[in-house]
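A short write-up of the structure that comes next.
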Amino acid sequence: MGNHGKKWIAAAVVSLLVTLAAELVLSIRQQSQTFDESAHLYAGYSYWKRGDYGINPEHPPLAKLLAAVPLLPLKLPVPPPPTAPAARVRLSPCCPVRRPPAPE
C-alpha cells in the first residue's frame, strides 16, 4: 500500500471519528438522563457505601451497582435516605401497603 492508500485510510478514520462526535453531541438533547437514572445512581452508590439495599428496591441491584462503580473513586458524600412519609410506603407485588403506626 502506497502513500496514497495510507492517506485515504487516515481520511476515512478521521471522517468516521468526526461523524461519531457529531452524533454524540447532537443526540444529547434526545437521549440524555431519564427521570429515574439519578435515583438508580443514588441507590447504587448507597448500596456500595452503606450496604443498605432498601433504597429503590423495585429493581434488582446489579445494574445499579454497576452504574455506580465510576462514582466510587470520587469519594462523594452519601446523603441519608429520605425519611418523608411517602418514603415509608413499602410496595408489595399487588398494592401499596403502609407500615403500621409505631406503638405509643
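The values are calculated or read from the model by the stated rules, or taken from the named source; none is laboratory data. Bear in mind the structure is a predicted one, so any value in this text is a computation, not a measurement. Glycine also receives a Cβ, built like all others from the backbone with ideal geometry; neighbour counts cover every protein chain displayed.
If I filter region 1-42 down to residues being modelled with pLDDT under 90 and hydrophobic (A, V, I, L, M, F, W, C), which single residue comes out as surrounded by the most Cβ atoms within 10 Å (Cβ to Cβ)?
Residues of region 1-42 modelled with pLDDT under 90: 1-6, 24-42.
From what's left, hydrophobic (A, V, I, L, M, F, W, C): 1, 24-26, 28, 35, 39, 41.
Values: Met1: 7, Leu24: 10, Val25: 9, Leu26: 10, Ile28: 8, Phe35: 6, Ala39: 15, Leu41: 17.
Of everything passing the filter in region 1-42, Leu41 is surrounded by the most Cβ atoms within 10 Å (Cβ to Cβ).
Output the residue which, of all residues in region 47-65 that are in a helix (DSSP H, G or I) and within 14 Å of the chain's Cα centre (by Cα), is nearest to Pro80 (Cα to Cα).
From region 47-65, those in a helix (DSSP H, G or I) are 47-50, 61-65; that's our starting set.
Filter once more, keeping what is within 14 Å of the chain's Cα centre (by Cα): 47-48, 61-65.
Working: Tyr47: 12, Trp48: 14, Pro61: 18, Leu62: 21, Ala63: 21, Lys64: 18, Leu65: 18 Å.
The extreme case among them is Tyr47.
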